[in-house]
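Novice: This is the structure, below, for whatever I ask next.
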Amino acid sequence: MFSNYPHQVQNWLSDLFFPKRCIECGKFGDYVCRGCLGAISIKKTFECIGCKRNTPFGQTCFLCAKINSIDQLLIVADYKDSLVEKTLKFFKYKFISDLERPLSVLMKKYLKWLTLDKKFNVFEQGPLLIPVPLHPRRLNWRGFNQSELLAKNIADTFQMEMATDIIERVGNAVPQADIKEREERLKNLNGIFKIKNKEKIIGRNVLLIDDVCTTGATLNECARVLKANGASKIMALVVARG
């Protein structure tokens, strides 16, 4: 993995001179204290990645399946929750890698709810966990891939196989957050991902991990190239949908 040494030094100095405080209530100790984290509700409704209508366990509806390669979308929390939005933005744009911890706690809480309350085990068919990749230049700038940190925590906790050597981002496109129209987002991602080690995914179910899904263009492009190279069912697990 690429590393951003200036950011690492900056984070070390920040911890030394400016101890961690909760980004919500200001309490010292963690970036998201236990009380504030516990107040975040997991999302208990499901929606199609395309039309956003309610579907069983986020399955892509029949009509949307014609233009979407993701088979199922699972959303952990509501982006309208101000702390969820703030945590994701600090994680991604203020380079606070430690925010992977509270976000992973939310993801595991959600997966436990799915298994125990909804009787749906995401890992039942042994999917391969794949984090959505960053372009090397952007990875070097940020210092970490936020999706990979989340995926590793989930893989370690549930003893699942994770692979970071399957999808390679070969184009450094305009950030999706800067593009509002879905059609433009799709054009922006055309041909941006390449598959390596194809033999690892032939016939495999895949669980894509990302921090945020907006239009679903990035996830769908990842799923498209995975299926084109032999992968089977593609689920996506995201912290929130913006």
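The values are calculated or read from the model by the stated rules, or taken from the named source; none is laboratory data. Owing to the predicted nature of the structure, the values given are computational and were not obtained by experimental measurement. No Cβ is skipped: glycine too gets one built from the backbone with ideal geometry, and neighbour counts run over all protein chains shown.
Novice: Just to verify a result, which residue in the stretch 74-97, among those that are loosely packed, with under 15 Cβ neighbours inside 10 Å and part of a loop (DSSP other than H, G, I, E, B), is modelled with the highest pLDDT?
Specialist: Lys80
Novice: Moving on. Given the criteria of a type in the set (D, E, K, R), over 23 Å from Asn220 (Cβ atoms) and not in a helix (DSSP H, G or I), does Glu100 qualify? Don't jump to the end; show me each part of the working.
Specialist: Numbers: of a type in the set (D, E, K, R): yes; over 23 Å from Asn220 (Cβ atoms): yes; not in a helix (DSSP H, G or I): no.
So Glu100 fails the test.
Yes/no matrix, rows are residues, columns are (1) touching a Phe, Trp or Tyr at 6+ places or on another chain (Cβ under 6 Å); (2) more than 18 Å from Val132 (Cβ to Cβ):
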{"residue": "Asp30", "(1), (2)": "no, yes"}
{"residue": "Ile49", "(1), (2)": "no, no"}
{"residue": "Lys52", "(1), (2)": "no, yes"}
{"residue": "Ile70", "(1), (2)": "no, no"}
{"residue": "Asp81", "(1), (2)": "no, yes"}
{"residue": "Lys89", "(1), (2)": "no, no"}
{"residue": "Ile96", "(1), (2)": "yes, yes"}
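Novice: Here is a follow-up. Quick check on the stretch 37-52. Is at least one of its residues more than 30 Å from Arg137 (Cα to Cα), modelled with pLDDT of 95 or more, basic (Lys, Arg) and crowded, with 17+ Cβ neighbours inside 10 Å?
Specialist: yes
Novice: What is the number of the single condition among (1) at pLDDT below 95; (2) of a type in the set (S, T, N, Q); (3) in contact with a strand residue (DSSP E or B) (Cβ under 6 Å, 6 or more places away or on another chain) that Gln59 does not meet?
Specialist: (1)
Novice: Okay, next question. Among the residues of the stretch 208-242, how many are outside any helix (DSSP H, G or I) and farther than 26 Å from Lys86 by Cβ?
Specialist: Let us first name the residues in the stretch 208-242 that are outside any helix (DSSP H, G or I), namely 208-216, 229-242.
With the extra rule that they be farther than 26 Å from Lys86 by Cβ, the set shrinks to 229-235.
The number of residues fulfilling the criteria is 7.
Novice: Kindly provide the set of residues from the stretch 223-242 that are within 15 Å of Ala163 (Cβ to Cβ) and either at pLDDT below 95 or in contact with an Asp or Glu (Cβ under 6 Å, 6 or more places away or on another chain) (or both), ordered by number.
Specialist: Ile234
Novice: Within the stretch 79-110, track down each residue that is aliphatic (A, V, I, L, M) and under 29 Å from Asn121 (Cβ atoms). So that I can check it myself, show each step before the final result.
Specialist: Taking the stretch 79-110 as the starting set, the residues that turn out to be aliphatic (A, V, I, L, M) are 83-84, 88, 96, 99, 103, 105-107.
Result: Leu83, Val84, Leu88, Leu99, Leu103, Val105, Leu106, Met107.
Novice: Looking only at the stretch 199-216, which residues are more than 13 Å from Ile130 (Cβ to Cβ) and over 13 Å from the mean Cα position of the chain (by Cα)?
Specialist: Passing the criteria: Glu199, Ile202, Gly203, Thr215.
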